Amino acid sequence: GKWKNKERVLIFSSRGINFRTRHLMQDLRTLMPHSKADTKMDRKDQLFVINEVCEMKNCNKCIFFEAKKKQDLYMWLSNTPQGPSAKFLVQNIHTLAELKMTGNCLRGSRPLLSFDPIFDKEPHYALLKELFIQIFSTPQYHPKSQPFVDHVFTFTVTDERIWFRNYQIIEEDASLVEIGPRFVLNLIKIFQGSFGGPTLYENPHYQSPNMHRRLIRLSVAAKFREKQQVKEVQKIKKKGSKVLIKEDPTEVVFETPAEERPVEIQLVKPESKPIVKDKKKLRKIQRKKQKKLFRTE
Amino acid sequence: VVDPVSQSASNKDAVDPENDFQREMSFYRQAQAAVLEALPRLRKLQVPTRRPDDYFAEMAKSDQQMQKIRQKLKSKQEAMERSEKAKQLRAMRKYGKKVQTEILQRRQKEKKNMLNAVKKYQKGLSDKLDFLDEEQASSQGNKKGNASQRIKKGPNAKRRYKNQKFGFGGKKKGSKWNTKESFNDVSSFRSKVAHNKGPGKAGKGGKKALNKRPGKRARQKMKSRAR
């Protein structure tokens, strides 16, 4: 058939990504035959430069991975000339190469896309759903694609995040095995333009990773401070005002003066006790002596 | 362009995101529902879904990778099997030991019974050679041996049990000690033999000096005199 759907996705990243992100990027490139790769973008260029890069490569969609602080990974999904675009925080990445993912699929086969019903209920989710559909589905009759449908992408919303899974279809009765990769997307913002423009939607449940780390540190500090405070309170309690009891006049009744003892002054040093190294031996000798006496009696 | 997209109506109200297994199962079920819905539609649209066996093409994961995965799975399974086998061996050994001790005990019991039966026969208590036939299940109450008009009771049950346990040899340990009865029992004293009086056995006559052994003192005297 004729290849009409000319979707092209540019997948690339910024500098400073770690091995896991790099593998994820490569996995996405293998799974999506309609993708194009590009070199790493320099940090100093601003984001709208990406639009020009896409223009040069003749792509109309883009997946851009941005790594910050060598810890946090952000993913931009964008429709390049006019937008919209969305920024996500990516977590829990597992790549194709993990040995627990035992499934396999044809390289370039077209996927089924499966969405949670929630994607239809909210407008921002509906927008994201459309973006996902256009980016992740392989166009029909693409020259690099295979004609069979043998795997399934699932997008599920749980815990205010979007979970992505990829399963291989083994049998017609829908027995599935996971191929990988897997990741979790935490939506930050949706913009009207591509990599910029007015904000269409901001996720209220989103907490930046810095904030998250800060909160953890604060909680630990708070615990410590609390312990200190408790200690201080205890100290104060201990020192605190002791109640003065009034003197009881009837108490004197029970006082009996002690007997006077003659004052003895020792002039001669008392003889020192013999140093016994082995008390048991001494006792043994004593017993023997007693026995002897007993016998002779 | 046919975009195969489907939604699954799964109620995920009770899915706890922290419970990994539950969460993954819900994803799995969503995918399954999607597949079950989509495959008939694809078939209707004549999009092929099953790969024929002779269709070889490049896969998303290389063959090397799949080999590694297979190896890992195999090693895991082998480890499990080994542990299972070890457990079974241990259980079997325990059982085998129990069985063996039972067999030994049974053998000893049989031997004891056999010996008792032989002893009985030797002592003349029972003139039946039944013990030669393997099955011997008789009660051992017939001590006197005249079993003809024996009442079933015989000796006391306690007595019978003790006889069975301690055998017909009788009490072995104290057998050579003197008891009051055996001491006072002078039935085996023959005065004529002791004093060597009375007629000789085959009419021999004359003293048999050897019959009467002199006492210790007399012997000593004889010895000293002989020197």
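FYI, it's all coordinate maths here, none of it is from the lab. What you are looking at is a predicted structure, and each value in this text was computed from that prediction instead of being measured. We place every Cβ from the backbone using ideal geometry, glycine too, and count neighbours over all the protein chains shown.
Quick look at the values:
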{"read-out": "For the protein assembly as shown, average projected area of the Cα convex hull in nm²", "value": "82.1 nm²"}
{"read-out": "Pairs of Lys in region A:195-266 closer than 22 Å at Cα, counting only those 8 or more apart or on different chains", "value": "10"}
{"read-out": "Debye, to nearest 20: dipole size of region A:13-154, +1 on Lys, Arg Cβ, -1 on Asp, Glu Cβ", "value": "500 debye"}
{"read-out": "Charge-dipole axis of region A:146-246 as Lys and Arg at +1 and Asp and Glu at -1 on Cβ define it, positive-most pick from A:Val184, A:Thr158, A:Tyr206", "value": "A:Tyr206"}
{"read-out": "Dipole magnitude (debye, nearest 20) for the protein assembly as shown, charges at Cβ of Lys, Arg, Asp, Glu", "value": "11280 debye"}
{"read-out": "For A:Gln146, residues with placed amide H under 5 Å, excluding near neighbours", "value": "A:Ser109, A:Arg110"}
{"read-out": "Positive dipole terminus of region A:46-120, leading residue within A:Gly83, A:Leu47, A:Asn104 (C-beta point charges)", "value": "A:Asn104"}
{"read-out": "Within chain A: Cβ-based charge dipole about Cα centre, in debye rounded to nearest 20 (Lys, Arg +1; Asp, Glu -1)", "value": "2820 debye"}
{"read-out": "Overall form of region A:157-297 per C-alpha gyration tensor (a/c, 1.5; a/b vs b/c)", "value": "oblate"}
{"read-out": "Filter on A:Lys100/B:Lys87; A:Lys6/A:Lys57; A:Lys70/A:Lys100 - keep pairs with C-alpha separation over 22 Å", "value": "A:Lys100/B:Lys87; A:Lys70/A:Lys100"}
{"read-out": "Cα-based reach from B:Lys44 at 20 Å (exclusive), listing aspartates and glutamates while leaving out same-chain residues under 8 positions away", "value": "A:Asp150, A:Glu171, A:Glu172, A:Asp173, B:Asp3"}
{"read-out": "Estimated inter-spin distance, B:Tyr95 and B:Lys165, nm [label 7 Å along Cα→Cβ]", "value": "3.4 nm"}
{"read-out": "Cα convex hull volume per residue for chain A (Å³)", "value": "510 Å³"}
{"read-out": "Estimated FRET transfer efficiency when R0 is 35 angstrom, pair B:Ala86-B:Arg106 (beta carbons, to 0.05)", "value": "0.70"}
{"read-out": "Entries in B:Lys98/B:Lys120; A:Lys40/A:Lys69; B:Lys123/B:Lys192; B:Lys192/B:Lys223 that, when Cα-Cα distance is taken, lie over 25 Å", "value": "B:Lys98/B:Lys120; B:Lys123/B:Lys192; B:Lys192/B:Lys223"}
